[in-house]
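The values are calculated or read from the model by the stated rules, or taken from the named source; none is laboratory data. These figures come from a predicted structure and were not determined experimentally. Glycine also receives a Cβ, built like all others from the backbone with ideal geometry; neighbour counts cover every protein chain displayed. Just the protein is used for accessible areas: all its heavy atoms, side chains included, with ligands, DNA and RNA removed. Shrake-Rupley method; radii C 1.70, N 1.55, O 1.52, S 1.80 Å.
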Amino acid sequence: FEIFGKWPTKVPVQYLWETIDYFKSNAPTTDKQEPFVLDIQLLLADTQAETLLQSIAENEQFFYEVEAPLSMFLDTSFLEKNLTKDTYLDTEDVAIIDGDGHLVLSLQKETYEAFGLEGKAATFTGNGRRYIITIDVSAPTFRPGNKTFDRTKWCLDNNLSRSFKMVMTRVDTNTGASLDVLLSNVQHSKKPVSWASSKMDGIRLPNFETLKLPEGATPNNRWKDEALEAYEWLGMATLGSQRLSVNDKPDPFLSVYSCPEPYTTGSVTSLRSAGLVTPQYIENLLITLRKEIKAKQCWGALTVWGYRDSPIAWRGREHGFLTSGENDYTILLLREEKDASEQRAVCYQALGVYDTFMDPALEPYKLQGVPDSAYYIPNFISAAEEEYLISKVQTAPAPKWVTLKARRLQNWGGTPKVEDGKMLQEPIPTWLKEPVFKKLQNIGIGFGDSPSTEPNHILVNEYLPGQGIMPHQDGPLYNPIVATVTLNSHSILNFYPHGVDKATSEPEFSVLLEPRSLFVQTGQLYKTYLHGIAEVTEDDLAERPPINYHPIPTGTLLPRQTRISLTYRQVKRAIKNPFAKTLFKH
Ligand SMILES: O=C(O)CCC(=O)C(=O)O
Ligand SMILES: [Fe+2]
């Protein structure tokens, strides 16, 4: 599983290499990824696409264009007949119901203030200009008579009663067939998802054979370059670009595009949909496409565009509204021999610059019930790695240590200046990079614009029993993500919302950091909470149970030993020093 970041348009692209079991119908899975799909494009390296076209015709899907107030979602008969499988969407003030029955309202400040239900400030629209309210309308208790229901209904009827333009669809989750939506009381029209087909002949047609890796091989940089070139070619084909034609004679000063090698002269069929479709529908298309390319012995690609203004993106995460809201993916299915038992594919996932990306591998480690987002991974490093890191920290040259009242620290990678946040970049010693950098990258933790940005600064803290750190925020010097490795002893990290009296208030929640664990703090949590460590010699876990460990046996006292923490970050204003190599020897 590999992640790539440096896409020229600043759109991070993630791709992964997968060997798909041909007979497993649901791989690569599109389920739960992007439920609000605007358009689909299929490319087939062949001019005959009858099977595909036939399958599309047989699986006709409908969607509805609706104009209605949002309170229609609280109409009991609507709830009971349609719930959990429906999707709704609009622009400006945006509202959707996702497949799990969450009504998500993304409201502009003015609407929010007049609305009357509590939400949270949107992450990607700064200065509180937009707010997100999430209501679980699928909860069995969310019915008339329930306080939350009645309050929500009152707010929708009185404060947000205007009509919303929406598109909706409903499917049978087993067959993917579209079902009628209960819309008797509102203005609506039923539309079929429409398809247009076109052909491109006489084009330079790559075979993408070089993208086939031997089983178990890890993609190298060359493969990554080739995967991106393939992505670029698919994009050009999607646009029907003249640059792909064998007869194209571009002005060399205007175009430097060259087709990935080796290529032949050939044709592609392109099929493009319009209308709201569901993940199930796409999954069915993918299965048909795979059968077709197997029969034709050619490659095929499926590209899916998500709604630009959907308030949610990948796996329900918040989506950067209006600001380059890419939420698209492409699956390139490679050509396979007729008797091959596997189908190999390269998958690309495009994100907007403001969209959060975390590797799905991280999902199980996400801490629930706290602001987005924190991740805790026990035993992130081995005992041997821990021992080695401790010995390196302890044997660092004496001048590296800065002694404060309640802890000692070492700055690696440079020392950011408090006045302007600038840091003269110094090389980071290998012992701090390995194995942690690689492990961070493997699990999909990036520190900058893209998932592959490495940390450029590491702060080493040493706390003796009874030492700690005052509640604080790591602040705007860094990109809003910090990863902490804990060595030798546990600690308890306390979190406080902004604006509380630091000296007296109780933390809102605490996280237990065990030796060898990794803790990641990012997003809203990084930006709107303070964190600190109490100056105590032991922690009573029963008194305030840490949110990452349940249940805690009563009377659990953990005595503290000397703890070393390594905090990995990316200083925004790092300045490369051309002389760094000769000036600093590590
Ligand atoms: O030692 C820790 O885990 C926290 C350190 C910290 O908050 C900081 O260095 O900013
Ligand atoms: Fe901190």
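Among all residues of segment 530-539, there is at least one that is away from ligand 1 (no atom under 11 Å from the Cβ), assigned by TED's automatic domain parsing to the domain that holds Met423, surrounded by 19 or more Cβ atoms within 10 Å (Cβ to Cβ) and free of Cβ contacts under 8 Å to residues at least 60 places away in the same chain. Among the strands (runs of 3 or more DSSP E) confined to segment 397-502, there are none with at least 3 residues that are more than 22 Å from Arg560 (Cα to Cα), within 13 Å of ligand 2 (Cβ to nearest atom) and of a type outside the set (Phe, Trp, Tyr). Going by what's in this entry, would Tyr496 be described as among the hydroxyl-bearing types (Ser, Thr, Tyr) and within 11 Å of ligand 1 (Cβ to nearest atom)? So Tyr496 does not fit the description; no. Evaluate the following for Thr395: is it under 15 Å from Tyr568 (Cα atoms) and either open to solvent by 70 Å² or more (accessible area, probe 1.4 Å) or assigned by TED's automatic domain parsing to the domain that holds Gly468 (or both)? No, not satisfied. Among the numbered conditions (1) within 13 Å of ligand 2 (Cβ to nearest atom); (2) among the small types (Gly, Ala, Ser); (3) assigned to a loop (DSSP other than H, G, I, E, B), the only one that Ser505 does not meet is (1). All conditions in (1) over 24 Å from Thr403 (Cα atoms); (2) within 16 Å of ligand 1 (Cβ to nearest atom) hold for Asn488, with the sole exception of (1). Going through (1) surrounded by fewer than 20 Cβ atoms within 10 Å (Cβ to Cβ); (2) within 16 Å of ligand 1 (Cβ to nearest atom); (3) under 23 Å from the mean Cα position of the chain (by Cα) one by one, Pro465 falls short only on (3). Applying a threshold of 8 Å to beta carbon distances and a minimum spacing of six or more residues, or different chains, the list of pairs starting in segment 468-486 at a residue that is closer than 17 Å to Val571 by Cβ and ending at one that is in a loop (DSSP other than H, G, I, E, B) and near ligand 2 (Cβ under 10 Å from one of its atoms) reads Val482/Asp474. Of all residues in segment 255-286, those being touching an Asp or Glu at 6+ places or on another chain (Cβ under 9 Å), of a type in the set (S, T, N, Q) and surrounded by 14 or more Cβ atoms within 10 Å (Cβ to Cβ) number 4. Hey, can you tell me all the residues within segment 104-140 that are farther than 17 Å from Ser310 by Cα, out of contact with any helix residue (DSSP H, G or I) (no Cβ under 8 Å at 6 or more places or on another chain) and not aliphatic (A, V, I, L, M)? Within segment 104-140, Lys109, Glu110, Thr111, Tyr112, Glu113, Glu118, Gly126, Asn127, Asp136, Ser138, Pro140 meet the criteria.
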